[in-house]
Structure formats: structure tokens, C-alpha cells
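Below is one structure, written out as C-alpha cells, with a few remarks after it.
Derivation of every value follows stated rules applied to the coordinates shown; laboratory data play no part. Worth saying up front: this structure is predicted, and the values here are computed from it rather than measured. Note: ideal-geometry Cβ built from the backbone for every residue, glycine included; neighbour counts use all protein chains shown.
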Amino acid sequence: MKIFISHSSKNAVYGQALVNLLTGLGVAHESIVFTSNTSYGIPVGNNIFDWLKTQISDRPFVIFLLSAEYYSSVACLNEMGAAWIVENQHAAIFTPDFDLSDVKFRDGALDPREIGFFLNDEDRVTEFIETLRANFEITTKQVVISQKRREFLENVNSLNPQDGVAAEKRGEKALSVQKPDESGEASNKELRIPDPSADLNDFEHQFLMGLFSNDEAHSNKVSEAYLETLRPEDLDAIGEWKSFCEFFKLSWSEHGDLASLAALSDEYGKNPLVRQRVAQGYLHFEDFRKAKAHFRAAIECTDDRNRKLGFLGELARISQKQGSREEVSVIVAEMRDLVDGPESEELLLAKLADLSDWYQDDVLKAAMLERELSIDPTDISKRFDLAYIHSQTGNEALSMFHYEKIPASQRSGMVWNNLGVAYQHFSLSGKSIDAFRKAAEKDETLAMSNLAYQFIGSGLLSEAEELLKEAQKHPSYHDNVASALVRLKKIPEEETKTHKDKLKGVSSKSDFLSHVGEHLWQRAPDDVPKTMIDPDCELDVRIEGESFVATGTFQKNEPPLVNALVGTSSPPATETYTVEYRGRFVGRVAIGERTKKTKHSKSAASTLLGLAANTQKFIIVIPEGAKKIRGQLGNDLLDFESGDYNIE
């Protein structure tokens, strides 16, 4: 989830203060969209309206930074309407000089009865910080929270809202970020009736402009103008346009009516897009039963497999929101049956990635992304997401592997930054600092402003070398200067070796996770091998309900026990161990825990003897009829030899 700060460019300094607070508390830079600072802007080539339309499925957390300037700006009101429809949650925050009795605020899209707070209200800022924890990683260190809150309040109280925007403070000196051209704030925002030859997007844009401006007459004229471009027999296009208008009137203005939108399903009930918008209308009011009924009707109205997958994905999300895991599993089975090639498989995996109650484990989400990237290796956005998930689940080598797969010419500042973090994890200081410097160049931040004071300790090898060479110009330089130069020359070779060692076997793990991703969406197996051989013994395999179970035993000679008090030892003994794999099926993938313990040990004794360390996570892929089964036990990849198959 992203945080989108909706604000007037005239209040950009207050918005930047919020950005500094959020990042100081631990919110990731890539999770913040703040258009007055190019480091946190929308993707290049997009305008804010188009970008917000793409966020409907991601549902951002929106901060409305409200002020007199905000309500005087057509662009801001447009933004408010667009943000309101795509948001998941929002917070209304007032600039210190905002008048709550402002008529535009009382009559606006946001409910004035809803509790907001002023930027300089310390108690409410504290509450706001705590509410963010539900969706974002916020530091638990109270000292840091108190410091960042104090800095924020001091900053807000000292600000002049007409000041320029400064980049986030990293050191003593601040670099300025160019302010947006305020004269262009309302460009392409004027109300007009599109020419009959204009494309559909232009008509949609002008219709929504009327809603944003509370000008119902303009929206009606735009609607009539578009309908005049259609022939009477173009029933699908007419129904789709009417459902578009009714849906957004319902969502973005006071003139909408759910009954009017729903009535279109009677007249144009065989059009899947009309059904989809009716479903979204009911979903807007959390009438899940009727929303699901119309999504089901939309599925019946189309033969397009990808469109069906999309509708089923929405159904699964609703069922997940209702807490019905069983229903989610049934819908996933329907989606699975629609896959007929790489394109539909990729779409399926993208929809499954939204169903955390279904996959329940981030390693499986990573496996889905691995599979998607094996289908389309050029998707940089998905590769970034995958690398980030690997870093968050402790797979730093896989994280580094995928960040490096993004071509250097296409790496954003955030990619360079995260690659630097990955390098730093493995103490690859030279590579890390080089990546951080590239991140600083691209993001125009002040992250590198004080590195000159920490060059050797922070791994700034080129700066260290430059300084040491400067030292050599003095007639009586210290012997340690020469020693440091010798050390500097060894670091690149050592880091190259370490880098190579850390990536050893990672490509195989990436391939295995892609193998997992290929099979986890398939139908659960009806047949399993009767036996398989793990590192310790042969196992008997069976299905118990929806669980995968494999058990076996082996014997091992234990070393003699020494009695330190009397200097004697007991003879060696033979101990019997049990091995059990127990887990669940996700498609044809079994995932769970392998436990190895002595056959007669009690749970308390097992703990005392350290046998808890013999519990390991496993992932096993069971393709139909395979004689050799691929799996992962702990961090190790294994091939399990299998016997004949049991038919359940």
C-alpha cells in the first residue's frame, strides 16, 4: 500500500514536513507519493489523474492536506474526487491557518463531521502515528518517535506556507528541489464539450471534470454529446457509457443513485462491463451479496478467459474481505481451470498475489512472482517487488540477485538504494557505497551530504583513496597512509570473491521457486508416491484429509555418555529416531515442517536436549507421476527419490 499526499502546491512545505515525518518513522520512500518533490513523484509520463485511475486495485492510504488554497484550486478538487474513489483509508489533516467554517469545506466531498486534526496538534499527531501501524512498518523505538514528532511540530510551527520545498534533511546542508510551475496547476482542467471526433478518454475526462466541479449540467451535456456520436444499434457502447456515468455520479457526486445504476443491468444485463460497474456500485456500499451476484453475472456474460479471471479475482477479494477462506479456495479452483497459456497463467498469478488468506506465506508469494518473471522476464516492476519480498523474508542473496537482474540503465534511484542495502548486508562496502551514490544522483536527495566525514568507516573507497593520495603529497606523511592504500587495493578483489560466493546456488533456488510457482496453482494431487527417500531414511507417504504426511524411522549409534564425577563412561547405545513431514497442499505443492526426534522422547526432554533445532521448514513439489521429486528442506535444495503411487 502507498501513501498519497493530496495537497495544493502552495502548501508544499507542509507536505514535505509530513514526508520527513513519515520517512523518519520508518515508512519506505517508495511507499510515498508526494508530487511537489520529484523524489516522491508519480511515474514519468503520467499525469496525476491517470496515475490515480491505475491505483483502483491497490487502494492507497490518502492524506488530504486541507487548506483555503486547496479548496480554491480546481486541480486539487479534481484530485480529491479521484483520490476518494481509489482510497482504502484516508486522513484529513488541516494546515495551521485553516478555517473549519469555510463553506467549501462544509459542502465538499469529505464529510465535515468526520474527525480531522491540525498539523500542529501534538496529541492528534501521536494518534495518527499509531494508526499508521496497521498498514506500514513504523519504528517501535519510542525515543525515535518522540524525536521525530518534536522535529515535525517545530518544523510546522516555524513554516511559512509560501516557502519553497527542501529535500529531506540528511546532513547540515540542504539542497533545494525545484518547485513545480504553479502557473500550470490548472492546465487541461478547463470545462469544455469535446469535439465529436474526440476519443472516449476525452469524454470521460470532461464528464468527471463536471462532477469534480459540482457542475452537473456540464457532465450531462458531455454525456449527451458522447451519446450523439453513437448509433442507436451500438447497444454495448451505449450501456457501457451510461454505466460509467452512473457509477461515477454515485461515487464522486451528490447526484448519483444506486437504483439508477442497478437498473442498467435490466436493460444491458448481457454486457459484462455494465455488470461489473453495477457490482462495483454495490461494493462501494459494502453490499457484498449483491456485488458478488453481479460479478457472477458478468462472468456468465463473457467468453473472454482473461476477463473472467479478472472478475473471479474481484470475487475472491470480496470473499477474503468477508473472511471466507473456503469460498476463496473454491473461486481459486475456478480461476485455475481458465488457464490456457502463459498470458492467462500470468494474470492468474497476479490475482492470487492479492489473496494473502489463500497463500498465507510470503515465500509462496515470492514463488508466484518468480514464476511470473519466468514468463515475462522484462517486467521490472515485478522484479523490484520480488527482490523486496526476498529482502523482507531474510533471503538477502535472492534479493541481491534480482536487483542486479534489473538493467543498470533502467534502475531507478530506489533500485540503486535497495541494491546498496543488499550489498551492505554482505559487507560489500565498495559496491554498497557506489550504489548509494548512484541513488543520490538519481533521486536528488541529500543522503550522501555527510559521507565525506565517514569515508573509510562507511566504505567510501574512492573518497578514501583520493584523500590518501592527497596526504601523500605532503613531504612527511605517516606510514599508515601507505598501509591504508595497500588495504584499499585488496578490497575490490576480496569483495568480488565474497560476491561470487554469496550468489553460489542462488540461481538454482530461483529456478526451484519458479517450479513451485508453476505448480502451486494447479489442482491438488489425487495420487502421491507410496514412498520417498529423505536425507535420513525412507518415508511412507500418505494424504490425510487435506494434509500431506510422510513418516519414517532410522537408528543411529550414539557416543558413550561420560560421568565426570567418577571418571567412567557408559557403553555406546543405539538410538531410534522418527522423522515426520506434516504440512498442507497448495495446488501440487506441499509446505510444512519436518520434525526429527528420538522415538521415545517427551516434549520437555526434547527441548532440554536441543531437539527443537531438528524442526525444519519444507517445500515439496509433487508433479503427476514424477519419479524424482524436487524440494527444499531448510535452505537446502533436495531431490527425493519416490516409489509407486497411492491413488486416493
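Here the label points at Glu326 and Thr578, each 7 Å from Cα along the C-beta direction, are separated by 3.1 nm in the simple model. Got a sec? Which residues in the stretch 204-227 would a label at Arg192 touch, if it sits 7 Å along Cα→Cβ and we count backbone N under 14 Å? Of the residues in the stretch 204-227, 205-207 have backbone N under 14 Å from the label point off Arg192. Couplings for the stretch 619-625, taken from phi via the Karplus curve 6.51 cos²θ - 1.76 cosθ + 1.60 with θ = phi - 60°, read 9, 10, 9, 10, x, 4, x Hz in order; Gly and Pro are left as x. Modelled spin labels at Glu286 and Lys221, positioned 7 Å past Cα toward Cβ, are 3.9 nm from each other.
Going through the cross-link list Lys242/Lys270; Lys308/Lys365; Lys597/Lys627, which pairs have a Cα-Cα distance over 26 Å in this structure? Walk me through the intermediate numbers first.
Working: Lys242/Lys270 14 Å; Lys308/Lys365 22 Å; Lys597/Lys627 28 Å.
Beyond 26 Å between Cα atoms: Lys597/Lys627.
Excluding residues fewer than 8 places away in the same chain, name every one of the aspartates and glutamates whose C-alpha is closer than 18 Å to that of Lys148. Answer for Lys148, where 18 Å is the Cα cut-off: Asp121, Glu122, Asp123, Glu127, Glu130, Glu137, Glu168, Glu172, listed by chain and number. Neighbours of Phe288, meaning other residues whose beta-carbon lies under 13 angstrom from its beta-carbon, give a summed charge of +2 when Lys and Arg score +1 and Asp and Glu score -1. Relative to the current alpha-carbon distance between Glu465 and His255, full extension at 0.36 nm per residue lengthens the span by 68.7 nm. Here the spin labels are modelled as points 7 Å beyond Cα on the Cα-Cβ line, and at Ser101 and Leu200 they lie 4.9 nm apart. The H on the amide N of Ile63, modeled in the peptide plane, is under 5 Å from the matching H of Phe4, Ile5, Ser6, Ala91, each at least 5 residues off or on a different chain.
Highest mean packing comes first when the peptides 284-293, 590-599, 516-525 are listed by Cβ atoms within 10 Å, giving 516-525, 590-599, 284-293.
Taking a threshold of 22 Å on the Cα-Cα distance, which of the pairs Lys556/Lys628; Lys405/Lys504; Lys382/Lys509; Lys141/Lys382 fall above it? Could you put the intermediate results ahead of the total?
Values: Lys556/Lys628 26 Å; Lys405/Lys504 15 Å; Lys382/Lys509 18 Å; Lys141/Lys382 32 Å.
Correct reply: Lys556/Lys628; Lys141/Lys382.
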